[in-house]
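S.K.: One structure follows; several queries about it will come next.
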Amino acid sequence: MTRRPVLLWWGIGALLAALALGAAMTAPGPDIPSAIDSGWNQLMTGIQSPAMVRFGEFMNVVGGGWVATYLVPLAVLAVLLLTRRLRAALFVAVSLLASVAVVQLLKLLFGRSRPEGMLVLSDYGSFPSGHTANAATIAVIAILLVPRLWVLLLGVLWVLTMAFSRTLLSVHWLTDTIGGMLVGAGTVLIVGAIMLTWVRSPSGALSKHTTDDPLTS
C-alpha cells in the first residue's frame, strides 16, 4: 500500500528545493548565470554538431508543443477512459494541469533570462524548464500507476534525455532542468498523496497487481 505521508513530504520537499534553487540562481540577478551553468552551457555549445542539433530539435517537438501538450495527454486519457480507468484518468489530468500551473508560476516569479544563442524559440522565463518538468511529470505518473523497475528505469532515462536536450539547444541552463525535474516530480507526488488511495481502490478499475507498490511501501 502506498504510504501517503511519504509521497506528500517528498513532494513538498521537491517543490521547496525547486524554490530554493530558483532563488539561489537568480539572487545575483536574472541575467547572471552561475559558474556551473556557464561551464555546462559552453560544454554543450562545443558539441552542437548537425546530428546532435537534429536530435535536440526532435526532443523539442516531442517534449513540448502540440505533441506533449495535446497529443500525448489526450492519448493517455483516451486509453484510460476506454479501459474504464476513470479515476486513473482523473489523476493523470490533475497531475498534468497542476505541473503546468506550478511551472508557469515559477517562471513568472523568477523571470530568469535564457542562455544566448538559443537554437529554438521558447517562451518567457528560463527557470524551471517546462519540457523537463513535463517529462518528469509523465515519468512519475507512470511509476506511480505501474510501479515496476523497468518503468522506473525508462522514466529516469526519458527525463535525463529531455534535460540534456534542453541544454544542448542552449534554451536552458543546467539548473533550469534540475528545477524542472523537481517541479514535475514534486507536483505529481503531492497529487498522488491525495488521490492514489482512491485511484487504487477496487472501484478505481486499476488491475490488482498495481495496488502493491514495491517502490513506495
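The values are calculated or read from the model by the stated rules, or taken from the named source; none is laboratory data. Note that this is a predicted model, so its numbers are computed, not measured. Neighbour counts are summed over all protein chains in view; Cβ atoms, including those assigned to glycine, are modelled from backbone coordinates with ideal geometry. These accessible areas exclude ligands, DNA and RNA; they are computed on the full protein's heavy atoms, side chains included. Shrake-Rupley method; radii C 1.70, N 1.55, O 1.52, S 1.80 Å.
S.K.: Go through Ser170, Ser126 for me and flag whichever is open to solvent by less than 30 Å² (accessible area, probe 1.4 Å) and in contact (Cβ under 8 Å) with a residue 60 or more places away in the chain.
M.R.: It is Ser170.
S.K.: Could you please let me know if Pro115 is within 14 Å of the chain's Cα centre (by Cα), surrounded by 16 or more Cβ atoms within 10 Å (Cβ to Cβ), in contact (Cβ under 8 Å) with a residue 40 or more places away in the chain and assigned to a loop (DSSP other than H, G, I, E, B)?
M.R.: In short, no.
This table checks each residue for (1) within 14 Å of the chain's Cα centre (by Cα); (2) more than 21 Å from Ser49 (Cβ to Cβ); (3) in contact (Cβ under 8 Å) with a residue 40 or more places away in the chain.
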residue	(1), (2), (3)
Leu145	no, yes, yes
Val159	yes, yes, no
Phe164	yes, no, no
Gly179	yes, yes, yes
Leu182	yes, yes, yes
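S.K.: As an exercise: evaluate Pro50 against (1) closer than 24 Å to Leu189 by Cβ; (2) without any contact (Cβ under 8 Å) to a residue 12 or more places away in the chain and give the number of the one condition it does not meet.
M.R.: Exception for Pro50: condition (1).
S.K.: Provide a single number: the residues in region 173-211 that are at pLDDT below 95, open to solvent by 40 Å² or more (accessible area, probe 1.4 Å) and in contact with a Phe, Trp or Tyr (Cβ under 8 Å, 6 or more places away or on another chain).
M.R.: The total comes to 0.
S.K.: Right, next: Residues Leu109, Leu77, Leu121, Leu96: which one is more than 30 Å from Ile47 (Cα to Cα) and open to solvent by 50 Å² or more (accessible area, probe 1.4 Å)?
M.R.: Answer to the check: Leu109.
S.K.: A further question on this structure: Taking Phe58, is it open to solvent by less than 20 Å² (accessible area, probe 1.4 Å), assigned to a helix (DSSP H, G or I) and of a type in the set (Phe, Trp, Tyr)?
M.R.: Spelling it out, it is not the case that Phe58 is open to solvent by less than 20 Å² (accessible area, probe 1.4 Å), assigned to a helix (DSSP H, G or I) and of a type in the set (Phe, Trp, Tyr).
S.K.: Same structure, new question: Given the criteria within 19 Å of Val159 (Cα to Cα), at pLDDT below 95, open to solvent by less than 40 Å² (accessible area, probe 1.4 Å) and not acidic (Asp, Glu), does Val67 qualify?
M.R.: Criteria met by Val67.
S.K.: Within region 1-35, work out how many residues are exposed (fewer than 13 other Cβ atoms within 10 Å of the Cβ) and either free of Cβ contacts under 8 Å to residues at least 40 places away in the same chain or assigned to a helix (DSSP H, G or I) (or both).
M.R.: 9
S.K.: With the structure loaded, tell me whether Thr132 is assigned to a helix (DSSP H, G or I), closer than 30 Å to Ala35 by Cα and in contact with an Asp or Glu (Cβ under 6 Å, 6 or more places away or on another chain) or whether it fails that test.
M.R.: no
S.K.: Here are some residues: Ala88, Ala51. Which one is more than 18 Å from Thr177 (Cα to Cα) and crowded, with 16+ Cβ neighbours inside 10 Å?
M.R.: Ala88 is the lone residue from the list that is more than 18 Å from Thr177 (Cα to Cα) and crowded, with 16+ Cβ neighbours inside 10 Å.
S.K.: Cβ-Cβ distance below 9 Å, separation of 6 or more or different chains: which pairs start in region 82-99 with a residue that is under 12 Å from Val199 (Cβ atoms) and part of a loop (DSSP other than H, G, I, E, B) and end on one that is open to solvent by less than 60 Å² (accessible area, probe 1.4 Å) and of a type outside the set (S, T, N, Q)?
M.R.: Matching pairs, first to second residue: Arg85/Leu145; Arg85/Val199; Arg85/Gly204; Arg85/Ala205; Arg85/Leu206.
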